[in-house]
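Working notes, beginning with the structure itself.
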Amino acid sequence: MKRGITLASMVLAGVSLLAPADLVAQSRDETVIYGLQSDVQTWDPPNSVLRENIILGYNVFDHLAARDLRTGKVGPSLAISWKNLDDTTWEVKLRQGVKFHDGSPFTAKDVKASFDRVLNPDNKLTARGNHAKIKSVEIVDDHTVRFKTDGPYPLFVERLTALVMQSEKVMKEKGHEWMQENPIGTGPYKLVRWNKKQEHVLVRNEDYWGPKPAYKYARIRIIPEQATQIAELISGGVDIIKAVPPDQMDVINKSGQARTTISPILRTAMIQLDQAGRAGANPFQDRRVRLAANLAVDIDSIIKHVLNGLGDRVATTVNPMAFGFDPGLKPFKQDLAQAKKLLADAGYPNGLDVAFLRGQAWAEPGVVQTSDAIVSDLAKAGIRTKARMVGEVGPFTNLVRDGKADPMFEWTWGYYSIFDADAIFFDVMTCNQPYSVYCNKAFDDLVIQGRSTLDAKRRTEIYAKAQKLIHDDAAYLYKWSLRGVWGVSNRVEYEAPRDEVDRMWIVTPRKK
């Protein structure tokens with residue numbers, strides 16, 4: 001991230017990124033262009049946790065259910081209805097007349113194949129944990145399936161919004177490796193070209209079962225530098241960018257060519273502290289050190305003065321929009337004297353030195369500046385950090401997944417369409433999950449209880465206990481729930497999504 005950017009320098013930077021000849025030949029009026037900082041590693045959404053994969057996947061694939069982001073309610077998509085037959089059996093009716101991009105019909109066989117593939121432990125797909133409560137999927141007829149769950153499963157309908165439907169025919173005839181680069185979905189756009197680390201070009205699916213996209217083409221450009229993204233937005237090279245740094249909002253809003261739009265999003269920011277010792281023995285395995293870190297930092301001041309208010313303080317990892325959020329649990333307040341005492345009690349009277357994995361500018365607006373402020377506050381208490389910078393999304397998340405991150409590292413987690421505390425508890429805080437560096441059996445038991453009862457009141461009580469536990473244990477360094485900042489060209493209409501999934505098919509030309 002660069003500071004002190006001038007409008008003139010950004011526009012000059014933007015002209016150097018030229019469109020490929022084949023797109024120049026197409027009308028700009030029929031193309032919406034979206035800028036991303038990092039490319040995906042695969043076009044197989046169940047095989048990745050990256051936000052970029054989920055965003056692109058929504059534009060090419062469909063899910064069984066979809067959330068209305070204005071009402072918050074989950075409604076039909078490829079499934080038109082669902083019902084409980086008993087506490088552990090769900091029957092789902094499927095939409096008829098839907099075709100995959102290769103022309104083959106969408107049927108119950110594809111639903112079963114999609115879930116069987118992700119649930120098979122031999123496939124080692126990242127999304128498996130999200131659906132592990134499902135024991136089996138049975139085909140009733142071409143357009144009816146029954147799901148058997150391992151006990152009551154309150155998240156069943158929510159999770160219908162989270163797994164893309166893929167083709168049984170493609171799985172059998174093409175296989176896993178082919179699917180990594182060749183998405184065949186039922187969605188509003190089809191992939192026609194992927195130039196890695198450069199761009200993706202999508203074309204409108206003219207046979208789409210739902211509303212057709214206003215733009216025939218959607219082009220996703222990979223632009224690592226945020227300064228260049230902003231320059232391209234102002235000069236007309238892109239129509240939408242995300243994660244605009246707070247200190248650059250005025251540059252966009254005063255350009256006359258674009259504007260910013262802000263929305264609370266279902267994403268929580270934190271600094272993970274390696275309590276589980278996944279990357280080896282470290283000071284944060286002592287609760288006193290984790291607590292000292294939380295007490296060292298003036299998060300409220302950072303939100304106000306560095307984020308310009310674009311964050312909402314949280315006491316744990318749970319987002320205020322998620323089911324189960326406990327508003328009565330109060331966040332830590334800065335107390336440097338107590339932080340120093342805790343460090344001394346833990347055997348660090350002169351403080352300590354610790355490595356800090358950084359580089360998530362692609363994931364969180366203003367993270368460079370906010371992490372600088374956090375580092376400064378930690379040093380006041382005696383926690384001295386040494387940064388290791390890894391700027392690309394894939395390598396960064398791979399280090400975390402493989403247990404090779406530093407004892408502390410920047411992290412955010414988006415719930416996407418799952419407005420439930422389980423969506424962050426299970427994936428980022430339970431023992432032995434790929435992206436968790438926390439392990440507490442008592443907490444795991446609460447998470448299992450919460451995803452095993454249909455009683456909403458009981459689940460709320462369980463989640464309150466879970467939040468109190470991880471707060472008192474200072475599991476991570478808790479920061480804030482995010483407000484997303486998008487840059488939007490004045491040539492298009494676009495409403496910022498609360499689930500953070502950008503849908504190119506809802507972009508329309510702006511009325512003049």
Checking Val118 against (1) in a helix (DSSP H, G or I); (2) open to solvent by less than 30 Å² (accessible area, probe 1.4 Å); (3) in contact with a strand residue (DSSP E or B) (Cβ under 8 Å, 6 or more places away or on another chain): exactly one of these is not met. Which one? (3)
By my count, helices (runs of 4 or more DSSP H) wholly in the range 217-330 with at least 3 residues that are over 30 Å from Arg28 (Cα atoms) and either in contact with a Gly (Cβ under 8 Å, 6 or more places away or on another chain) or charged (D, E, K, R) (or both) are 287-296, 299-305
Go through the residues of the range 95-106 one by one and say whether even a single one is out of contact with any Cys (no Cβ under 8 Å at 6 or more places or on another chain), over 18 Å from Lys169 (Cα atoms) and surrounded by fewer than 16 Cβ atoms within 10 Å (Cβ to Cβ). no
Out of Lys212, Lys190, Lys172, I need the residue that is out of contact with any Asp or Glu (no Cβ under 6 Å at 6 or more places or on another chain), within 20 Å of Val32 (Cβ to Cβ) and open to solvent by 70 Å² or more (accessible area, probe 1.4 Å). Which one? Lys212
Residue satisfying all of: in the range 389-412; open to solvent by 40 Å² or more (accessible area, probe 1.4 Å) and out of contact with any Pro (no Cβ under 9 Å at 6 or more places or on another chain); nearest to Ser371 (Cα to Cα) among these: Met389
Looking only at residues in the range 64-106 that are assigned to a strand (DSSP E or B) and either of a type in the set (Lys, Arg) or in contact with a Gly (Cβ under 9 Å, 6 or more places away or on another chain) (or both), which one is nearest to Leu454 (Cα to Cα)? Lys83
What is the number of the single condition among (1) touching a residue at least 40 places away in the same chain (Cβ under 8 Å); (2) surrounded by fewer than 20 Cβ atoms within 10 Å (Cβ to Cβ); (3) not polar (S, T, N, Q) that Pro76 does not meet? (1)
Does Lys386 count as in a loop (DSSP other than H, G, I, E, B), charged (D, E, K, R) and in contact (Cβ under 8 Å) with a residue 24 or more places away in the chain? no
Residue that is nearest to Val318 (Cα to Cα), among those in the range 437-489 that are among the β-branched types (Val, Ile, Thr) and assigned to a helix (DSSP H, G or I): Ile470
Just to be sure I understand, how many residues within the range 129-158 are in contact (Cβ under 8 Å) with a residue 60 or more places away in the chain and either open to solvent by 10 Å² or more (accessible area, probe 1.4 Å) or touching a strand residue (DSSP E or B) at 6+ places or on another chain (Cβ under 7 Å) (or both)? 14
Pairs, please: C-beta under 7 Å, at least 6 apart or cross-chain, first residue closer than 12 Å to Trp486 by Cα and open to solvent by 30 Å² or more (accessible area, probe 1.4 Å) and in the range 238-262, second assigned to a strand (DSSP E or B) and of a type in the set (D, E, K, R)? Asn253/Arg259; Ile262/Arg483
Looking at (1) in contact (Cβ under 8 Å) with a residue 60 or more places away in the chain; (2) assigned to a loop (DSSP other than H, G, I, E, B); (3) out of contact with any strand residue (DSSP E or B) (no Cβ under 9 Å at 6 or more places or on another chain), find the lone condition where Pro349 falls short. (1)
Gln180 versus (1) modelled with pLDDT of 95 or more; (2) surrounded by 16 or more Cβ atoms within 10 Å (Cβ to Cβ): which is the lone unmet condition? (2)
Would you check if Ala281 is hydrophobic (A, V, I, L, M, F, W, C), out of contact with any helix residue (DSSP H, G or I) (no Cβ under 9 Å at 6 or more places or on another chain) and either open to solvent by 20 Å² or more (accessible area, probe 1.4 Å) or more than 24 Å from Leu342 (Cβ to Cβ) (or both)? yes
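The values are calculated or read from the model by the stated rules, or taken from the named source; none is laboratory data. No experiment lies behind these values; they were computed from the predicted model shown. Note that we place each Cβ from the backbone using ideal geometry, even for glycine, and neighbour counts take in every protein chain shown. Keep in mind that these areas ignore ligands, DNA and RNA; they rest on the heavy atoms of the full protein, side chains included. Shrake-Rupley method; radii C 1.70, N 1.55, O 1.52, S 1.80 Å.
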